[in-house]
Amino acid sequence: MTVTVSATLAVNEALAEKRRQGVRVLPLGFGEAGLPVHPVMRDRLTAGNGANAYGPVAGSAALREAAAGYWERRGLPTDPGLVIAGPGSKPLLYSLLLEIGGDTAIAAPSWVSYAAQSRLVGQRPVMVPTATGEGGVPQPDLLHAAVTAAREQGRAVNAVIVTVPDNPTGTVAGADTVRRLCEVARELDLIVISDEIYRDLLHPAAPGEEPAEVHSPAEYAPERTVVSTGLSKNLALGGWRIGVVRLPDSEIGHRLRGGLLGVASEIWSSPAAPVQEAAAHAFTEPAELLDHVDRSRRLHGIVAGAVTGAFARAGATVAAPRAAFYLYPDFEPVRERLAALHGVATGPDLTGLLLDRFGMGVLPAAEFGEGAEALRMRVATSLLYGDTEERRYAALAATDPLALPWIRAHLDRLDEVLGTLLPTGADTGAVLPRSAEPQAVS
């Protein structure tokens with residue numbers, strides 16, 4: 001099969017080319033955390049630079065024990081022997097799909113790599129819609145129907161992937177939705193793969209607002225849930241390439257462990273040893289790193305909220321993001337105006353126009369498992385914090401990051417672009433309340 005460059009990486013490269021051409025760009029397409037490395041982590045990586053042995057395939061004992069403690073503090077007791085480390089959560093996910101076999105049910109919308117990796121291992125992903133405001137978790141009733149229908153056609157569907165909190169929407173599925181999904185998974189004998197890479201980036205609650213909570217499927221179906229995480233989002237260490245998975249302490253988990261170690265031994269042998277040493281320290285969550293993460297999630301929430309407001313003013317409907325640095329605006333309310341003004345009929349038409357005419361990089365819903373007709377898009381806000389380490393540190397420290405000149409300039413440019421796209425303004429957009437009753441996404 002033909003494999004193309006991941007859409008998130010491709011849009012980043014397209015924006016880099018625009019910059020080389022001297023075009024002013026709005027970098028809203030790439031899901032990088034956009035923050036500097038904490039000095040403690042720099043020191044730990046330097047201190048480990050003499051570690052040059054391969055080490056255990058599952059990862060060092062120190063890293064696995066630290067990761068087990070991380071999950072224990074989140075209410076998920078973990079045996080370090082059932083933790084496996086890899087060079088990022090992407091290869092761990094790929095290895096899981098390879099080991100589990102059969103087809104996989106995947107949320108629509110969902111992170112671009114889930115369906116792409118599913119196809120790479122020879123699967124046909126089963127795309128299942130989510131509900132507005134509860135991204136990342138397929139609607140349980142629709143999951144049951146879709147898997148049942150696929151099996152009636154002779155297909156083996158063996159797993160379902162969920163993301164809590166969600167990429168691309170920045171929303172967090174509620175406890176009842178996660179619980180009901182687990183009931184369906186148990187009834188249909190599905191393994192649940194729970195990607196929780198954004199778990200630590202819940203936005204602080206606004207005054208008078210109930211704080212968001214992450215409910216892992218491992219709480220409700222511990223015998224069949226695999227949990228993955230890493231340090232690329234909470235500590236902005238994407239380039240260090242380190243991830244971990246927590247396998248269930250059950251027949252399923254022990255079977256998967258053997259298969260995953262076999263795959264890992266033939267592909268990456270073991271993660272980079274100096275990175276493992278630094279990661280082992282990070283997963284113990286010392287006070288200075290917890291403070292760094294707290295500052296990060298505050299910054300993400302403030303900037304994502306401001307960008308959400310800009311899209312709502314332009315006429316889009318947006319479910320208020322509650323975690324990470326994403327939002328998922330929907331321009332359906334202004335479809336007729338976009339068609340009349342720009343000949344836009346599809347999501348790729350709209351995002352292509354924004355990139356070509358305005359240097360604004362965003363990704364259409366079609367890249368996340370939805371139809372091309374959807375006028376939704378994934379917007380990532382974390383590259384607005386600054387293009388130097390000095391500016392990014394200033395953004396983390398600022399009482400009002402929106403007042404920083406470089407962030408303010410990006411937000412003003414966004415208002416300018418959206419105002420030019422729909423020049424007479426619009427009054428049909430809305431930020432959906434965080435407690436809104438979920439509705440089906442087409």
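The values are calculated or read from the model by the stated rules, or taken from the named source; none is laboratory data. These numbers were taken from a predicted model, which means no experiment stands behind them. As a convention, Cβ positions derive from the backbone with ideal geometry for all residues, glycine included, and neighbour counts pool all protein chains shown. Just so you know, the surface numbers come from the protein's heavy atoms only, side chains and all, with ligands and any DNA or RNA stripped out. Shrake-Rupley method; radii C 1.70, N 1.55, O 1.52, S 1.80 Å.
Details
- Subset of the stretch 80-100 [open to solvent by 20 Å² or more (accessible area, probe 1.4 Å) and either of a type outside the set (D, E, K, R) or assigned by the TED database to the domain that holds R376 (or both)]: P80, G81, P87, S89, P91, Y94, L98, I100
- Residue identified as within 28 Å of V227 (Cβ to Cβ) and either in contact with a Gly (Cβ under 8 Å, 6 or more places away or on another chain) or in contact (Cβ under 8 Å) with a residue 12 or more places away in the chain (or both) among P27, P56: P56
- Within the stretch 298-315, at least one residue is in a loop (DSSP other than H, G, I, E, B) and either over 23 Å from D400 (Cα atoms) or more than 21 Å from the chain's Cα centre (by Cα) (or both).
- Among the numbered conditions (1) under 23 Å from R295 (Cα atoms); (2) modelled with pLDDT of 95 or more; (3) open to solvent by less than 40 Å² (accessible area, probe 1.4 Å), the only one that R73 does not meet is (3).
- Restricting the first member to the stretch 31-42 and to residues that are on the phi > 0 side of the Ramachandran plot, and the second to residues that are at pLDDT 95 or above and open to solvent by 30 Å² or more (accessible area, probe 1.4 Å), the beta-carbon pairs closer than 9 Å and six or more apart or on different chains are G34/L383; G34/R392.
- Qualifying position, being more than 24 Å from L188 (Cβ to Cβ), charged (D, E, K, R) and modelled with pLDDT of 95 or more, among R255, R241, R224: R241
- Test: R42 is open to solvent by 60 Å² or more (accessible area, probe 1.4 Å) and at pLDDT below 95: no
- Counted residues, the stretch 242-253 - those being out of contact with any helix residue (DSSP H, G or I) (no Cβ under 7 Å at 6 or more places or on another chain) and touching a residue at least 60 places away in the same chain (Cβ under 8 Å): 2
- Checking V23 against (1) crowded, with 17+ Cβ neighbours inside 10 Å; (2) farther than 28 Å from S118 by Cβ; (3) not assigned by the TED database to the domain that holds A264, the condition it does not meet: (1)
- Within the stretch 112-126, the residues that satisfy the criterion of being surrounded by 20 or more Cβ atoms within 10 Å (Cβ to Cβ) and modelled with pLDDT of 95 or more are Y114, A115, Q117, S118, P125, V126.
- Flag if A314 is modelled with pLDDT of 95 or more, more than 26 Å from P36 (Cα to Cα) and open to solvent by less than 40 Å² (accessible area, probe 1.4 Å): yes
- Any chance I267 is open to solvent by 70 Å² or more (accessible area, probe 1.4 Å) and either free of Cβ contacts under 8 Å to residues at least 60 places away in the same chain or in the same structural domain as S95 (by the TED database) (or both): yes
- Residue check for V293: aliphatic (A, V, I, L, M), in the same structural domain as S89 (by the TED database), more than 22 Å from S113 (Cα to Cα) and assigned to a helix (DSSP H, G or I): no
- Scanning the stretch 326-342 for residues that are open to solvent by 70 Å² or more (accessible area, probe 1.4 Å) and under 15 Å from T132 (Cβ atoms) yields one hit, E332.
- A397 falls short of the stated requirement of being closer than 20 Å to W111 by Cβ, of a type in the set (A, V, I, L, M) and touching a helix residue (DSSP H, G or I) at 6+ places or on another chain (Cβ under 8 Å).
For (1) under 23 Å from the mean Cα position of the chain (by Cα); (2) assigned to a helix (DSSP H, G or I), each residue gets a yes or a no:
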position	(1), (2)
F30	yes, no
V37	yes, no
A51	no, no
E65	no, yes
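- The one condition in (1) within 26 Å of D176 (Cα to Cα); (2) β-branched (V, I, T); (3) open to solvent by 10 Å² or more (accessible area, probe 1.4 Å) that T104 fails to fulfil: (3)
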